[in-house]
Amino acid sequence: MAGFDKRVNSYPEALAGLEDGMTLLAGGFGLCGIPENLIAEVKSRGVRNLTAVSNNCGVDGFGLGLLLEDRQIRKILASYVGENALFEKQMLEGDLEVELTPQGNLAERMRAGGAGIPAFYTATGYGTPVAEGKEVRIFGDRHYVLEEAIIGDFAIVKGWKADTYGNVIYRKTARNFNPLVAMAGKITVVEVEEIVEPGMLDPDEIQTPGIYVDRLIQGAFEKRIEKRTVSA
């Protein structure tokens, strides 16, 4: 995409260029703030051997869980197996390569990728399987593990509002990993509930500047609730 106007007219256009074997970053936490329509488009495109990076992998039949049904994901970097029985089954049977990463490390690895920082040291994970095969150094009196940044070929993001320039605002907890994912994609695609004209968003409320966004589309969302709790 070129120019200031980041809007595209269709979901196939939004994900044009997504191919087999690519690394796909996806925002969301559980089912909150997931780019559900973009995920559905990934499924319909039938791309395979993807490396997915997300906090978790949706649930059976929704979110990133859709991509497990046809084994479109070869490897996933996540911090939580979650409520997805198919994820658990494929992982235990060795059909899905899983790199479990502490949640803060996962967030910082994507932030680092977006900031142009190739790696960083963190104490989190030292002395656990997370640190196996990684460089360890001592700073002061603590051991720190070297974690490499994450950059995706595509990043898919769910926002609340955006202007046509791609400046994005998120809605409360639906923000979660989305701003970090948006930073770390070579091609970042954002779907939102509302697109407005430039100047209609308060600059102080913009959480992802349009410089990070390549494509923007307005969609309609189911917003499925992962666990519904009601009073008796």
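Within region 131-170, what residues put their amide N at less than 20 Å from the label point 7 Å along the Cα-to-Cβ vector of N9? Output list for this probe position: 164-166. Rounded if a/c is under 1.5, else prolate if a/b is larger than b/c, else oblate: which is region 3-157, with a ≥ b ≥ c the root eigenvalues of its Cα gyration tensor? Oblate shape, in that a/c is at least 1.5 and b/c is the bigger or equal ratio. In summary, the aspartates and glutamates within cross-link reach of K6, defined as a Cα separation below 20 angstrom excluding same-chain residues under 8 places away, comprise E36, E41, D153, D163, E191, E193, E194, E197, D202, E205, D214.
If R0 is taken as 22 Å, the Cβ-Cβ distance between A85 and R224 corresponds to a FRET efficiency of 0.85.
Within the chain, what whole-number % of the accessible surface is contributed by carbon and sulfur, with the 1.4 Å probe and all protein chains included in the calculation?
Working: 5600 of 11300 Å².
It is 50 percent, rounded to a whole number.
Note that the chain presents 49 Å² accessible area per residue, ligands and nucleic acids not counted, probe 1.4 Å.
Annotation for region 52-71 versus region 197-232: alpha-carbon center distance of 20 Å. Relative contact order of region 1-99, taken over Cα pairs closer than 8 Å and 6 or more residues apart, is 23 percent.
For region 96-153, which chymotrypsin sites (Phe, Trp or Tyr not before Pro) are both in a DSSP coil and crowded by at most 16 other Cβ atoms within 10 Å? Listed in order of number, the matching sites are Y126.
Region 2-32 and region 124-177 have Cα centres separated by 19 Å. Cross-link partners among lysines for K227, C-alpha distance below 30 Å, same-chain residues fewer than 8 apart left out? List returned: K43, K75, K89, K158, K161, K172.
The values are calculated or read from the model by the stated rules, or taken from the named source; none is laboratory data. For clarity, every value in this text was computed on a predicted model and none was experimentally measured. Heads up, the Cβs are rebuilt from the backbone with ideal geometry, glycines too, and the neighbour counts pull from every protein chain shown. In case anyone asks, the SASA skips ligands and DNA or RNA and just uses the protein heavy atoms, side chains included. Shrake-Rupley method; radii C 1.70, N 1.55, O 1.52, S 1.80 Å.
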